[in-house]
Amino acid sequence: MTENVWILGIHMTKFGKHPEKDTIDLAVEATLGALADGGVGINDIGVLAAGNLFGGPATFGQSLQKQIGQTGVPVYNVANACATGATALRVAIMAVKAGETDMGLAVGVEKLSGTGLLGAGAATKADEQWSPQGRLGAVASLEGRVRTDTMPGVFAQIGMEYAGRHEGVDFELFARIAEKNHAHSTLNPLAAYQKRFTLEEIMNDVMIAYPNTRPMCSANCDGAAAAVVVSDSKLRTLSLQQRRRAVKVSASVLTSDPWEEGCQVLPDVNTLTQQAAGQAYELAGVVPEDLGLVELHDCFATAELVHYENLSLCAPGGAVDLFESGATWRDGRIPVNVSGGLESKGHPVSATGIANIWEVATHLRGEAGSRQIDGAKVGLAHVIGLGQACAVHILEKSAV
């Protein structure tokens, strides 16, 4: 399992509202786009990994095959919370690494526009002392403990916990992170929202879960993304143009929460991200200073700040200084979420992991247009699935 794997073709739909299309329609658009981008056809594909959480059939991949070609190859239907798309891509990558096929296809798709806050559940009694009951009761419900079962509440707590340990972290700082990402979105034609907000507009908007107002939250929307991966030996047989546009997958890492007493109540998005990032840097043979850009899982503005540290973009406790330096703006030292992030680009859950990789790959190819990060040679894509799962991929520009 030592052969390098490359992204040969990749595509994402415009994120937003697509009332005229269902999940299959969106997946077909992304998949055919990725095949065309790679200059290959469905008969070249030896494995399909398909990710969908809401609204699709249990055999989503097979339903997709009926539209793009039933070639009899293995199909893996993947579900791994917000890390679903990245996990599907990892399935295809591992199949190629294992020598099962020279070429694999991964797709993630979701229709979420108008669904409201994900994760909401019925209130449960908040006893002063929690006692586990039954297999599922081994993990406590959040309702009555952190005051909500919705994701805004969870990440509000994560942000406030970080603020309690570090100076300089306040409501305005989180709002300025959202200000950055919305400014970046104006250069991304595929983002669901392409609007610049003033700091005052962000801070005075509807409060969802303090300190996250509405513009500081990821937008549920419709969308799909797909990628074709190819083995190193197969890539060498393809055209010069295909080799030049191929993007090397230097690391593909998936982690889950290690056991800690605290994460039985509030998910620990920090430890599993730190472990995934550490493994990814080691596998890729790079250090954070080598990164030309980062697409991280800013499901909320509070999440972006803590992930600066989790991804080792700064020293422990240095997230505030990193942001205040301007380094994470698109013209800074280590641009973060130049796509606009989930707060602007949108968050069709199962598509997000591949969409983040699409953004990084597009810059490494030099094809990002007006938002292009000049000279980008290495990039990192990160996604959290509050299941709990974390996927980190490090990509490198072709040397051809």
For THR124, all conditions in the list (1) modelled with pLDDT of 90 or more; (2) of a type in the set (Ser, Thr, Tyr); (3) over 23 Å from the mean Cα position of the chain (by Cα) hold save one; what is the number of the exception? (1)
Quick check on the range 6-34: of everything there that is in contact with an Asp or Glu (Cβ under 7 Å, 6 or more places away or on another chain) and among the aliphatic types (A, V, I, L, M), which residue is surrounded by the fewest Cβ atoms within 10 Å (Cβ to Cβ)? LEU26
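Could you grab me the full set of residues in the range 38-71 that are within 21 Å of the chain's Cα centre (by Cα) and open to solvent by less than 50 Å² (accessible area, probe 1.4 Å)? Even if it seems obvious, please write down each step before you answer.
Quick first cut of the range 38-71, residues within 21 Å of the chain's Cα centre (by Cα) only: 48-56, 60-61.
LEU48, ALA49, ALA50, GLY51, ASN52, GLY56, PHE60, GLY61 - these are the residues of the range 38-71 that are within 21 Å of the chain's Cα centre (by Cα) and open to solvent by less than 50 Å² (accessible area, probe 1.4 Å).
Quick one: how many residues across the range 1-50 are in a strand (DSSP E or B) and under 22 Å from SER344 (Cβ atoms)? Full working, then the answer.
Looking only at the range 1-50, we keep the residues that are in a strand (DSSP E or B), and these are 5-12, 16, 47-50.
Restricting the remaining residues to those that are under 22 Å from SER344 (Cβ atoms) gives 10-12, 16.
Looking only at that region, the number is 4.
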Residues of the range 314-328 being closer than 21 Å to PRO211 by Cβ, hydrophobic (A, V, I, L, M, F, W, C) and either in a loop (DSSP other than H, G, I, E, B) or open to solvent by 40 Å² or more (accessible area, probe 1.4 Å) (or both), in sequence order, are CYS314
Is it the case that the range 372-381 has a residue that's open to solvent by 10 Å² or more (accessible area, probe 1.4 Å), under 20 Å from the mean Cα position of the chain (by Cα) and not aliphatic (A, V, I, L, M)? yes
Looking for whichever is part of a helix (DSSP H, G or I) and not basic (Lys, Arg) here; the options are GLY99, GLY56, GLY72, GLY61. Which one fits? GLY61
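Yes/no per residue for (1) touching a strand residue (DSSP E or B) at 6+ places or on another chain (Cβ under 7 Å); (2) over 22 Å from ILE202 (Cα atoms); (3) open to solvent by 10 Å² or more (accessible area, probe 1.4 Å); (4) not basic (Lys, Arg):
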position	(1), (2), (3), (4)
GLY292	yes, yes, yes, yes
THR302	yes, no, no, yes
ASN310	no, yes, no, yes
THR352	yes, yes, no, yes
ALA368	no, yes, no, yes
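The values are calculated or read from the model by the stated rules, or taken from the named source; none is laboratory data. In this text, all values refer to a predicted model and were calculated from it rather than measured experimentally. Virtual Cβ from ideal backbone geometry, glycine too; neighbours counted across all protein chains shown. Please note that ligands, DNA and RNA were not included when accessible areas were found on the heavy atoms of the full protein model with its side chains. Shrake-Rupley method; radii C 1.70, N 1.55, O 1.52, S 1.80 Å.
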